[in-house]
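Below: the structure, in structure tokens.
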Amino acid sequence: STMRERKTTDPPHSSTDLSEGKEKLRLKQEVGLISGVSLIAGTMIGSGIFMSPEWVLHHMGNPASSLLIWAACGLLAMFGALSYAELGTIIKESGGEYIYILRIFGSFPAFLFAYTSVILVRPSGLAAVCLSFAEYAVAPFYPGCSSPQVVVKCTAAACILLLTIINCLNVRLATSVMNFFTAAKLLALLVIVVGGLVLLAKGQTQSFQNGFQGTSVGIGAVGVAFYQGLWSYDGWNNLNYVTEELKKPEVTLPRAVMIAIPLVTCLYLLVNMSYLAAMTPSELLSSGAVAVTWGDKVLGSWAWLISLSVALSTFGSSNGSFFSGGRVCYIAAREGHMPDILSMAHVRRLTPSPALMFTSVMSLIMVISGNFNSIVNFFSFIAWLFYGMTISGLLYLKIKKPELPRSYKVPIIIPIIVLMAAVYLVLAPIIDQPQIEILYIIAFIFSGIILYFPLVRFKCHPRFLQTVTLHLQLFLEVAPTTKDTN
């Protein structure tokens, strides 16, 4: 059978049972429609809308074409999420791309995804969000000039360490922080939207005159603009990571997608129009923190509210990313693709502290070595490489396995469009402006082969690894968590 079945040879207390038990502890309540919409929208609305507008405008060359890119990114996110909704009703397991690639293509490509995601993609995403938090947090202290990079990076590193402490201390504390900051981000965006509508009503439309003049038409420029826009929509697939916890996933998954993504797309378009109503394209391009510049121009002495709201928003987003970031780690450990230590929890606090600490260390490395723009581009390259693989798996199932039970079917043209977009987003920057860093990323992905065959395929585990795991368990006070733990 092409659909790979889960191995049933695990011993009674294997990482499979343990990680599943831990997931039950972390997600005690089922996720309904409202929670599903909140999960998608709350993850999507993060740092991107406050950081990416200047970069989209930079690569497209004018306001009108940049707004088209924002709308097209929303449409693409919608198509991708609808395609994932069908996958979620066929393969009703948590884990998102990892579990879909595992069940459709098998162990090796799934391991490459998990290896790349845990070591590179998720830490780089968290680093980018924390860097944007730092930009806004320190901007009020450097009025009229750019913030020193050393200060920004130190603030981002402090943010990561604070998130590590919060999430390692208590799961309930982490969720409470996430809920509070979600309200802050919605308030910040609504203030910007209302302010922009007032400016447009007063006739400040000069940025939209001759809107398409000087549009960039190079495939690479458009591709990188898409990367920056799609960064703000990242999270459209978040509900697929918790499929096992959804109430009636066959109904909730597609409905939540159809409500959340159009809502976010409309909000993003209104926010971008507000930015352009308040400042000229050249002012927007020269702003290191777009929303702060908007606040200075529109709110005057109350501009500090925007800096505060955006800093709270991006901190909340980074907390959400950090909180959910261990899921692929757990599922991969459940399938034997990750070290057992990453699937363990603190014996008293019942938090996945080893996985959180590992993510924290990798994120700190990303913060020190990169900047927001380059991190987003490389993050998006890898993400769309695996999105494309996942969507091709759906097309395979639709064509070759139409008999599989599925309660929701997306028209086949939609995953075809998403696959074409994924191929374009992966190849366009390489063809137009090849960068040596892309080669490094591809080499990194395939370096997983060195680990896969000895450690996963042939299960050659050196004894010292068991000793290291034991010592780490004692030092970190962690242990595997069984299903029946109270």
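Worth a mention:
- Qualifying residue in the stretch 115-129 (condition: under 20 Å from T243 (Cβ atoms) and of a type in the set (F, W, Y)): no
- Enumeration of residues in the stretch 285-295 that are surrounded by fewer than 19 Cβ atoms within 10 Å (Cβ to Cβ) and either more than 26 Å from the chain's Cα centre (by Cα) or at positive phi (or both): S286
- Filtering the stretch 413-446 to residues that are closer than 24 Å to P254 by Cβ, without any contact (Cβ under 8 Å) to a residue 24 or more places away in the chain and surrounded by 14 or more Cβ atoms within 10 Å (Cβ to Cβ) leaves only I416.
- Tally of residues being modelled with pLDDT under 85 and not in a loop (DSSP other than H, G, I, E, B) across the stretch 199-224: 9
- Looking only at the stretch 396-412, and only at residues there that are outside any loop (DSSP other than H, G, I, E, B) and open to solvent by 20 Å² or more (accessible area, probe 1.4 Å), the one that is nearest to K248 (Cα to Cα): K398
- Positions within the stretch 302-329 being within 17 Å of L239 (Cα to Cα), among the hydroxyl-bearing types (S, T, Y) and surrounded by fewer than 24 Cβ atoms within 10 Å (Cβ to Cβ), in sequence order: S324
- Number of the condition not met by G336 [criteria: (1) in contact (Cβ under 8 Å) with a residue 24 or more places away in the chain; (2) small (G, A, S); (3) touching a helix residue (DSSP H, G or I) at 6+ places or on another chain (Cβ under 6 Å)]: (3)
- Listed by position, the helices (runs of 4 or more DSSP H) enclosed by the stretch 79-198 that each have at least 2 residues that are modelled with pLDDT of 90 or more and open to solvent by 10 Å² or more (accessible area, probe 1.4 Å) are 97-105, 107-116, 149-169.
- Count of the stretch 280-312 residues which are touching a Leu at 6+ places or on another chain (Cβ under 8 Å) and assigned to a helix (DSSP H, G or I): 10
- Output for the stretch 374-395, where each listed residue is of a type outside the set (A, V, I, L, M), at pLDDT below 90 and surrounded by 18 or more Cβ atoms within 10 Å (Cβ to Cβ): N377, F378, F379, S380, F381, W384
- Pairs linking a residue in the stretch 188-206 that is touching a residue at least 60 places away in the same chain (Cβ under 8 Å) and under 27 Å from L312 (Cβ atoms) to a residue that is part of a loop (DSSP other than H, G, I, E, B) and open to solvent by less than 70 Å² (accessible area, probe 1.4 Å), with Cβ atoms under 7 Å and 6 or more positions apart or on different chains, are L189/I45.
- Qualifying positions in the stretch 454-467 - part of a helix (DSSP H, G or I) and either touching a strand residue (DSSP E or B) at 6+ places or on another chain (Cβ under 7 Å) or open to solvent by less than 80 Å² (accessible area, probe 1.4 Å) (or both): P454, L455, V456, L465, T467
- Filter result for F323 (aromatic (F, W, Y), over 30 Å from H58 (Cβ atoms) and touching a residue at least 60 places away in the same chain (Cβ under 8 Å)): yes
- Test: residue in the stretch 333-350 that is polar (S, T, N, Q), over 26 Å from A158 (Cβ atoms) and either open to solvent by less than 10 Å² (accessible area, probe 1.4 Å) or touching a strand residue (DSSP E or B) at 6+ places or on another chain (Cβ under 6 Å) (or both): yes
- Residue within the stretch 274-297 that is at pLDDT 80 or above and over 21 Å from S66 (Cβ atoms) present: yes
- Matching residues, the stretch 100-124, being within 17 Å of the chain's Cα centre (by Cα) and closer than 23 Å to A85 by Cα: F113, A114, S117, V121, R122
- Of all positions in the stretch 29-41, at least one carries a residue that is open to solvent by less than 10 Å² (accessible area, probe 1.4 Å), more than 30 Å from E283 (Cα to Cα) and in contact with a strand residue (DSSP E or B) (Cβ under 8 Å, 6 or more places away or on another chain).
The values are calculated or read from the model by the stated rules, or taken from the named source; none is laboratory data. Quick caveat, the model's predicted, so the values are computed rather than measured. Cβ: placed from backbone, ideal geometry, glycine included. Neighbour counts: every protein chain shown. In case anyone asks, the SASA skips ligands and DNA or RNA and just uses the protein heavy atoms, side chains included. Shrake-Rupley method; radii C 1.70, N 1.55, O 1.52, S 1.80 Å.
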